[in-house]
Structure formats: structure tokens, C-alpha cells
Amino acid sequence: MESELVKAIHNRTARIVVIGLGYVGLPVACMFAKAGFQVVGIRRNSEKIAQINRGICPIEGKEPGLPELLAEVIREGRLKATTDYTECRQAQIALVAVETPVDKATRKPGYEALQAALQELGQNLQPGTLVIIESTIAPRTMETVVKPVLEQASGLKVNEDFYLANCPERVMPGKLLANIEHCSRVVGGMSPETAQAAVELYRCIVKADLDPTDCLTAELVKTVENTYRDVQIAFANEVALLCENVGADVWAVRQLVNKSPQRDMHLPGPGVGGHCIPKDPWLLVHGAQGNFEAKLIPTARAINDSMPLHIVELVEEALRQAGKEIQEARIAVLGYAYKENTDDTRNSPAIPLIRHLEELGAEVTVHDPYVRGYDGDPKKMLTGRDCVVVMAAHDQYRELDLENLKAQLRLPVLVDGRNVFGMKQAHEAGFIYKGVGNV
Ligand SMILES: NC(=O)c1ccc[n+]([C@@H]2O[C@H](COP(=O)([O-])OP(=O)(O)OC[C@H]3O[C@@H](n4cnc5c(N)ncnc54)[C@H](O)[C@@H]3O)[C@@H](O)[C@H]2O)c1
């Protein structure tokens, strides 16, 4: 059966549905459409469906090539967006790219979107279809959630009537298309033949290694690679706190550490955000069985979660040096998105930072050129402020002239969570400056 599918992939007659049209699903749908497939994207009802069908990209940060590609594939009639799951009946391939968050209190996977998508896909699943989960999932989810939900909803049997694979995404907002094209992928199949069929599919859009494996390995690889990043960032943050404690500059330390062979100390910062890194370590831990107890991973999470509060402490200290108490202070936060030059605000460390500052009585205004509601004139919102806090290294902030910035402020206080300015430059411009790992 897989051989027929592979033929339909090679001659582009296989029809593809992509369920979930967010940061992952939308660019993937566009790339397959560009590769010559007929693609239908399914997402929850929203005005974004109409927007996509008009060829307008709903992702507002800098996404090189994506707005143009979307406009092209819509114009050519190769992609359409809908809420209608009956479209799955015409498809030979179904990709699932819905969100997979964790519950804030229990840290267990919140698979409501995944279960709902699988249920509706299952009810419309045709024999011979290849279903690929692109969402990030906890180890063993393919076996314990995806397979039973699809089999029950469809009445079909995996490996006999339909095929199941897990091909997690490695994209990062800001480089979505480039990452899809140039990052290698693991392709886990419920059988080696299915993994190979999925490899043939991704070969149409990926110009890097495609590594066939089993589903459990693919689930582990994805959650481990993001956990690796979280743990590395936590290490950098802990070193930054230690440097503050002894009066050293973490950026100078890091640069020299990384001259040592096989060292790659990550960047410290004001916290970890985005949809993935703050939750994928919990997905990994959730996948463990029996009485296994993770120790390092939860500790790393706790360190990274504490960083926005640490920024609050730096703000308080810097203001005190300027003779101002926080409850009387007017504070400007630059950057609401978690990542430079993107509009992605999910789990942004700016959110708890702003909440804590306000709880302490500060008056907070926020600017972000990529986030609706915060994208006004930065000059206006900076005028008369007592302190500027940099939370995202957007290009627009790197271009700010410190002399001009100081002239606008009521007090020259700068707290830099992203090392956008650096202490020397800030001191030369006459600022009271505190940076993460450099006070
Ligand atoms: N954002 C990233 O950079 C990134 C990178 C790698 C992997 N991932 C993983 O990919 C998955 C998707 O992430 P994302 O950032 O694209 O999320 P997102 O929130 O941007 O998009 C999710 C999409 O799924 C749709 N959706 C939700 N439930 C649905 C349903 N029942 N039926 C149809 N559509 C439904 C939503 O409308 C939305 O379009 C997650 O598992 C995430 O961990 C994300």
C-alpha cells in the first residue's frame, strides 16, 4: 500500500490536508503547495481563515519569504483554508500541527486540541491515508493517544488500513521557511515502510537529512532537543547570577569560556518564552514511566522561570540608585514578544515581569513593534519614564541612540535583559545600568 502512496507523492497527485495553521502548519502547507501538491489547511474558526484565503499572512513578525509564498500559492489555487474536516476524505496525507501545551498547574500535557483534531480526522479518515503528527508530543503519545483515538474514531487499523508517523518540526519563529527547508528531521514511523514513505514526502520540501526511525525515538529526540536548550539556558542564567554576585561580566566570561574546545555556553537572558521551550521539558518528563524522577530538568525550569523576577529586582536596585522607589516609578518595557523580530508573545517573560512590576505599584507602559496594541511610536511612550527595561532584542531597539534615549527619560535608568546595549556604552551615555549577569 505504501508503494502506491509513494508513487502519488512522486507524481504530486497525493492530496494533503494540514490540520492546524499556526507557526508550524501554515509555512508547511505553503511549502507543500509550492512543491506542486494540492493542499487544504484546516484550523479552528477564526477571521484568520478568511485572511489566509485572501493571501494575507496572519503571522506579523519578520518571516522572510512567507507572506510572498502564501500570496503565490493562494493566487495559484494550490492552497485553501477551511474549518471543514470532510476535506480529509479526499486526502491521502494528513499532517497534524495543532498546539500541545502543558497545564500550568499540573505540568501534564494539555492534549485537548490534539484529541479534538484526531477525533475529527478519524471520523473522516480514508483507507490508505498517511497521518503524520508534526506537533511536539510526550514520549509514548503516538502509542497511547494518537493511535487509539484514530483507530476508534475511524474503525480502521494502523499498519493495515492506514499509516501513522511522527515527524516533529524544528522551526523557530523568524526563520520558519528557511528552517523547514534546511533543518534535518527525524521521521518516526509505526513501521519502517511508513517511515520511508514519510521520508519520500518530506524529501519534496526538505534539503537536509531525513532520518527514518521509530515513533518513540522521534518523540524522544524532539522533546530532548528542546530540553537540552532549556537546561543550557538555565546553566547560562545561573552563571549570570553568579557573575552578578562576584561583580564580573558574564558576557566577557562566556566569550572566553566558548574558546575552550567543545564548550558552547548559551546566552543568559530575562527568561525563556515561546510555545515550545518552556513546555517541552515537561512533556519529556511526563513521558517517563514507573518511579523515575527527573531532577535536573525541573531545576532548570525553575531557574528559567525565576528570571523575570530577577529582572524586577534589578529594576528596583537601579531605581533605588537613582533615588526612586518602584511604587512611584514610571517604567517603559521594550519588547513584549519573547524573541527578537517576531510577534510571538506565547509564554513571553515580559508577561510575568509586567505583572510583578504592576503588583509593586509601578506604572508600566509597553512597546513592541510587532505586537498589536503595543506598536505605537516608541518615542512617545519613552518620554518622561524613570526606567527602560529591554526584554526583546528587536532590531529597532538596537538602533536606538542612547544619548537621545536619555534626553527623553525623566531618570537615566536602563535595565537590559538582552545585552542589547552593554554596560560600557550605557555608562558612557550616563545611564545607571544593570544587565543580566553584568551589574
Ligand atoms: N512555534 C514553534 O516554533 C514550534 C516549533 C517546533 C514545533 N512546534 C510544535 O508544533 C505544534 C504547533 O505549534 P504552533 O506554534 O504552530 O501552534 P499555533 O498555536 O501557532 O497553531 C496551532 C494551530 O492549530 C489550530 N487548531 C487547534 N486545535 C485545532 C483543531 N481541533 N482543529 C483544527 N485546528 C486546530 C489553531 O487554530 C492554530 O491554527 C506544537 O506542538 C508545538 O510544540 C512549534
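The values are calculated or read from the model by the stated rules, or taken from the named source; none is laboratory data. Please read all numbers here as calculations on a predicted model, not as lab measurements. Here the Cβ positions follow ideal geometry from the backbone for every residue, glycine too, while neighbour counts run over all protein chains shown. Side chains included, ligands, DNA and RNA excluded: accessible areas come from the protein's heavy atoms. Shrake-Rupley method; radii C 1.70, N 1.55, O 1.52, S 1.80 Å.
Quick notes on this structure:
- Some residue of segment 294-304 being open to solvent by 30 Å² or more (accessible area, probe 1.4 Å), within 16 Å of the ligand (Cβ to nearest atom) and without any contact (Cβ under 8 Å) to a residue 24 or more places away in the chain: no
- Odd one out for Gly274 among (1) in a loop (DSSP other than H, G, I, E, B); (2) touching a residue at least 24 places away in the same chain (Cβ under 8 Å); (3) on the phi < 0 side of the Ramachandran plot: (3)
- Among the conditions (1) within 17 Å of the chain's Cα centre (by Cα); (2) at positive phi, the only one that Val221 does not satisfy is (2).
- Only a single item in (1) farther than 19 Å from Leu21 by Cβ; (2) within 13 Å of the ligand (Cβ to nearest atom); (3) buried (at least 18 other Cβ atoms within 10 Å of the Cβ) is not met by Gln123, and it is number (3).
- Tally of residues being surrounded by fewer than 19 Cβ atoms within 10 Å (Cβ to Cβ) and among the aromatic types (Phe, Trp, Tyr) across segment 278-293: 1
- Taking the criterion of being crowded, with 22+ Cβ neighbours inside 10 Å and within 13 Å of the ligand (Cβ to nearest atom), the residues of segment 144-168 that qualify are Val146, Asn166, Cys167, Pro168.
- Applying the condition of being under 11 Å from Val39 (Cα atoms) and in contact with a Leu (Cβ under 8 Å, 6 or more places away or on another chain) to segment 9-25 and asking which residue is nearest to the ligand (Cβ to nearest atom) yields Ile19.
- Residue among Val186, Val149, Val131 that alone is over 29 Å from Leu70 (Cβ atoms) and either β-branched (Val, Ile, Thr) or part of a loop (DSSP other than H, G, I, E, B) (or both): Val149
- One residue from Glu313, Glu317, Glu328, Glu340 being crowded, with 20+ Cβ neighbours inside 10 Å, among the charged types (D, E, K, R) and assigned by TED's automatic domain parsing to the domain that holds Met423: Glu340
- Scanning segment 362-413 for residues that are in contact (Cβ under 8 Å) with a residue 12 or more places away in the chain, among the basic types (Lys, Arg) and surrounded by fewer than 16 Cβ atoms within 10 Å (Cβ to Cβ) turns up Arg372, Lys379, Arg398, Arg410.
- For segment 99-120, a residue qualifies if it is farther than 13 Å from Val146 by Cα and within 12 Å of the ligand (Cβ to nearest atom), and the qualifying residues are Glu99, Pro101, Val102, Pro109, Gly110.
- Segment 248-288, residues that are small (Gly, Ala, Ser) and within 16 Å of the ligand (Cβ to nearest atom): Gly273, Gly274, Gly287
Residues checked against (1) touching a Ser or Thr at 6+ places or on another chain (Cβ under 6 Å); (2) assigned by TED's automatic domain parsing to the domain that holds Lys339; (3) of a type in the set (A, V, I, L, M):
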{"position": "Asn45", "(1), (2), (3)": "yes, no, no"}
{"position": "Arg54", "(1), (2), (3)": "no, no, no"}
{"position": "Ile59", "(1), (2), (3)": "no, no, yes"}
{"position": "Pro64", "(1), (2), (3)": "no, no, no"}
{"position": "Glu72", "(1), (2), (3)": "no, no, no"}
{"position": "Arg78", "(1), (2), (3)": "no, no, no"}
{"position": "Cys88", "(1), (2), (3)": "no, no, no"}
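- Count of segment 325-348 residues which are out of contact with any Leu (no Cβ under 8 Å at 6 or more places or on another chain) and either farther than 15 Å from Ala393 by Cβ or within 16 Å of the ligand (Cβ to nearest atom) (or both): 14
- One residue from Arg44, Arg75 being of a type in the set (Lys, Arg) and more than 12 Å from the ligand (Cβ to nearest atom): Arg75
- For segment 259-270, the set of residues classified as within 19 Å of the chain's Cα centre (by Cα) and either open to solvent by 10 Å² or more (accessible area, probe 1.4 Å) or of a type in the set (A, V, I, L, M) (or both) consists of His266, Leu267, listed by residue number.
- Given (1) closer than 22 Å to Tyr370 by Cβ; (2) within 10 Å of the ligand (Cβ to nearest atom); (3) buried (at least 24 other Cβ atoms within 10 Å of the Cβ), number of the condition Leu70 does not satisfy: (2)
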